[in-house]
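Okay, structure first, notes after.
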Amino acid sequence: MRRVVKAAALAAGATGLFSRVETPVAIGRSFSTPQSQYQASSPVWKLGRLNHVAVAVPDLEKASSFYRDVLGAQVSEVVPLPEHGVSVVFVNLGNTKMELLHPLGSDSPITGFLQKNKAGGMHHVCIEVDNISAAVMDLKKKKIRSLSDEAKIGAHGKPVIFLHPKDCGGVLVELEQA
Ligand SMILES: C[C@@H](C(=O)O)C(=O)SCCNC(=O)CCNC(=O)[C@H](O)C(C)(C)COP(=O)(O)OP(=O)(O)OC[C@H]1O[C@@H](n2cnc3c(N)ncnc32)[C@H](O)[C@@H]1OP(=O)(O)O
C-alpha cells in the first residue's frame, strides 16, 4: 500500500500536481486560466452589473409579441434611436433587461449581422463600468479595440462604447457608464 502511495506521489510530483496545490492564489480579478494574459490590475475602473443582453431580430413586432404574449414579460413600446441606426424594444426581466434590436435607416450597424443570421440572434452584451473613460483608456493599452473614438449616449441616456468582438472572445461587448 505504502509503495502505491509513494508511486502516486512521485507521478504527481512529476506532473507538477502537488506543487500546484501549494501555489498561493493570486489576489485580485483575473481570468481563470493560469497563463492568462489579462490581469485586471487597474485600480482606476471597475466592471459592474450586466445591464442587458441584446438580440437582433428581423421582425420587431413578432419578437415583442413572443416575449410579451408567449413568455409573459413586460415589454416596452418601440423606441427609435436614429443616432445608433436601430429601433429598440426593452424586455424587463427584473434582474436585467433584454434589448430587441431592429435596423433603422439605410446604414444600420446591425444590417450585416441580420444578413448573416436571417432568423436573428444574440448581438451583444452590455456591462456597466464605474468610469467609462478610464475603462476605454486602459483597454486601449491592453490592445482591445473600441468601435468608436468616443463614447456615445446609449439607449438609457448614459455614455456607452462598443468593443470589437474579435478582441472579446467573439462577443460584441458594450460598456455603459453606471
Ligand atoms: C442603442 C445602443 C445601446 O444598447 O445603448 C445599441 O444597442 S446600438 C446597437 C447597434 N450598434 C452597434 O452594434 C455598434 C457597434 N457595432 C459595430 O460597429 C459593427 O456592428 C461591427 C461589430 C464592427 C460589425 O460590423 P459589420 O457587421 O459591418 O462587420 P463585419 O461583418 O465585417 O464583421 C466583422 C467580424 O465581426 C463579426 N461580428 C459582427 N457582428 C458581430 C456580433 N454582433 N457579435 C459577434 N461577432 C460579430 C462578423 O461575423 C465578422 O467576423 P468574420 O470576419 O469572422 O466573419
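Which of the GluC sites (Glu not before Pro) found in region 78-178 are loop residues per DSSP with 14 or fewer other Cβ atoms within 10 Å of their Cβ? Sites meeting the loop and neighbour criteria: GLU150.
So what is the relative contact order for region 41-174, in percent, with contacts set as C-alpha pairs under 8 Å and at least six apart? Mind showing how you got there, number by number?
Values: 245 pairs, mean separation 36.1, N = 134.
So the answer I get is 27 percent.
If the cut-off is a Cα-Cα distance under 19 Å, which lysines reach LYS118, setting aside same-chain residues fewer than 8 apart in sequence? Cα-Cα hits under 19 Å: LYS62. For ASP69, the accessible surface of its heavy atoms amounts to roughly 100 Å² (probe 1.4 Å, protein chains only, rounded to the nearest 10). Legend: residues ASP149, ASP130, sorted from most to least accessible area (1.4 Å probe; ligands, DNA and RNA excluded), read ASP149, ASP130.
Rounded to whole numbers, the Karplus 3J(HN,Hα) couplings from phi for region 122-133 are 5, 9, 7, 10, 10, 10, 6, 10, 7, 8, 5, 5 Hz, using 6.51 cos²θ - 1.76 cosθ + 1.60 with θ = phi - 60°, and x at Gly and Pro.
Anisotropy class assigned to region 47-90 is oblate, per the alpha carbon gyration tensor with a/c at or over the 1.5 cut-off and a/b no larger than b/c. Ranking VAL79, VAL55 from most to least accessible surface, computed with a 1.4 Å probe over the protein chains only, gives VAL79, VAL55.
The largest accessible area among ARG49, ARG68 belongs to the first residue in ARG49, ARG68, and the rest follow in falling order (1.4 Å probe, all chains).
Rolling a 1.4 Å probe over the protein heavy atoms leaves HIS52 with an accessible area of roughly 0 Å².
The values are calculated or read from the model by the stated rules, or taken from the named source; none is laboratory data. Note that the structure is a prediction, hence the values are computed from the model and not measured. Glycine also receives a Cβ, built like all others from the backbone with ideal geometry; neighbour counts cover every protein chain displayed. Ligands, DNA and RNA are excluded from the accessible area calculation, which covers all protein heavy atoms including side chains. Shrake-Rupley method; radii C 1.70, N 1.55, O 1.52, S 1.80 Å.
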